[in-house]
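Engineer: One structure, pasted below without further comment.
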Amino acid sequence: MNKGVEELIKEGCMQESLYKALVNKSVQLYFGINTSASPASYHPESKGITFANTESITSASLKEELFHAWQDAYYPGGISLYGKDTQGNKSEGYVNIEFEAKFFKDLLNNPEMYNGCCYAFSNYYDYPKGVYDEYQNWIYGIRDSENISFQDNDYQRWLKLFQQYDTNYTSPMSNDLSTPDA
């Protein structure tokens with residue numbers, strides 16, 4: 001666990017800022033292993049992060065799950081409103097929360113450590129030809145700019161494509177989460 005956190009903080013100032021923002025907001029997180037779960041998951045109801053095994057505790061998995069913890073602390077009422085019910089049905093806004101976290105992860109991904117980009121469209125073969133490359137170019141363009149900035153309409157375009165094509169996260173969108181405020 002410590003190795004994953006150390007790698008995360010060493011990756012760059014934004015990852016360190018995420019970690020410090022959670023500490024400064026006095027966010028208490030619980031960590032555990034759940035061998036029947038996905039590689040890594042944040043649970044807003046318990047404020048916990050579980051990993052399938054110790055090999056799943058990486059800076060990449062921590063980056064996304066800690067960002068979910070930040071979203072939970074940032075958005076009024078937390079993100080449990082935008083999760084899944086006990087039957088696995090996705091609530092309105094689930095896709096917004098998931099895309100925002102993957103967008104954050106893609107922007108901050110260290111290309112030297114993790115072979116470039118992109119988590120949001122990682123299953124690019126399920127998307128129309130060129131979508132993955134176009135998304136990757138958009139992310140690299142934001143990364144390469146002097147100030148990390150982007151247009152809301154570009155973000156919303158990619159959110160809609162993510163909702164349309166990534167059935168793991170497809171849910172009704174929440175208008176309250178149409179821009180990445182966290």
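Engineer: Quick check: Cα centre of region 80-108 to Cα centre of region 152-182, how many Å?
Structural biologist: 9
Engineer: Quick one: net charge around residue 83, please, counting Lys, Arg +1 and Asp, Glu -1 for every other residue with C-beta under 11 Å from its C-beta.
Structural biologist: Local charge sum for residue 83: -3.
Engineer: In the chain, which Cys residues have no partner Cys with a Cβ closer than 4.7 Å?
Structural biologist: So, 13.
Engineer: If I model region 1-86 as equal point scatterers sitting on the Cα atoms and use the Debye formula, what is log10 I(q)/I(0) at q = 0.13, 0.18, 0.23 Å⁻¹?
Structural biologist: One equal scatterer on each Cα of region 1-86 leads to -0.39, -0.76, -1.18.
Engineer: Okay, moving on. Aspartates and glutamates near residue 63 by alpha-carbon distance under 20 Å, same-chain residues fewer than 8 away left out - which ones?
Structural biologist: Partners found: 6, 7, 11, 16, 45, 55, 72, 98, 100, 106, 112, 181.
Engineer: Let me ask something else. Suppose we flag GluC sites (Glu not before Pro) only when DSSP calls them loop and at most 11 other Cβ atoms lie within 10 Å. Which is the longest uninterrupted stretch of the chain?
Structural biologist: Longest site-free region, per DSSP loop and neighbour criteria: 46-145.
Engineer: Follow-up. Check residue 37: other-chain or 5+ apart residues with amide H under 5 Å from its amide H, H built from backbone geometry?
Structural biologist: Amide H neighbours of residue 37, under 5 Å, 5+ apart: none.
Engineer: Cut-off 10 angstrom, C-alpha nodes, Gaussian network model of the chain. Which of 52, 101, 69 fluctuates the most?
Structural biologist: Of 52, 101, 69, the most mobile in the Gaussian network model is 52.
Engineer: Next question, about the same structure. Only bridges with both residues in the chain count here: give the DSSP antiparallel percent, nearest 5.
Structural biologist: Here the share of antiparallel DSSP bridges comes out near 55 percent.
Engineer: Regarding region 139-182, what are the three Cα extents along the principal axes, ordered largest first, in Å?
Structural biologist: Per principal axis, max minus min of the Cα coordinates gives 34, 21, 16 Å.
Engineer: What does the accessible area per residue of region 2-80 come to in Å², with a 1.4 Å probe and no ligands, DNA or RNA counted?
Structural biologist: 52
Engineer: Something else about it: Out of all Cα-Cα pairs in region 34-182, roughly what percent, to the nearest whole number, are more than 20 Å apart?
Structural biologist: Result: 49 percent of Cα pairs exceed 20 Å.
Engineer: What is the dipole size for the chain, taken about its Cα centre, with +1 at each Lys and Arg Cβ and -1 at each Asp and Glu Cβ, in debye to the nearest 20?
Structural biologist: So the magnitude is around 280 debye.
Engineer: Which of the trypsin sites (Lys or Arg not before Pro) across region 125-182 are loop residues per DSSP, with 12 or fewer other Cβ within 10 Å?
Structural biologist: Sites meeting the loop and neighbour criteria: 129.
Engineer: Distance in nm between label sites at residue 35 and residue 167, each 7 Å beyond Cα in the beta-carbon direction?
Structural biologist: Rounded to a tenth, the inter-label distance reads 3.1 nm.
Engineer: Moving on to the next point. Whose amide H sits under 5 Å from the amide H of residue 173, counting only residues 5 or more places off or on another chain, with H placed in the peptide plane?
Structural biologist: 93
Engineer: Given a Förster distance of 35 angstrom, what is the FRET efficiency for residue 58 paired with residue 147, based on the Cβ-Cβ distance and rounded to 0.05?
Structural biologist: Efficiency, rounded to the nearest 0.05: 0.75.
Engineer: Heavy atoms only, probe 1.4 Å: what % of the accessible area of the chain goes to carbon and sulfur, would you let me know?
Structural biologist: Answer for the chain: carbon and sulfur cover 47 percent of the accessible area.
The values are calculated or read from the model by the stated rules, or taken from the named source; none is laboratory data. All figures in this text were calculated on a predicted structure; none of them were measured in a lab. With ideal geometry, Cβ positions are generated from the backbone for all residues, glycine too; neighbour counts draw on all protein chains shown. These area figures cover heavy atoms from the full protein model, side chains too; ligands, DNA and RNA do not enter into them. Shrake-Rupley method; radii C 1.70, N 1.55, O 1.52, S 1.80 Å.
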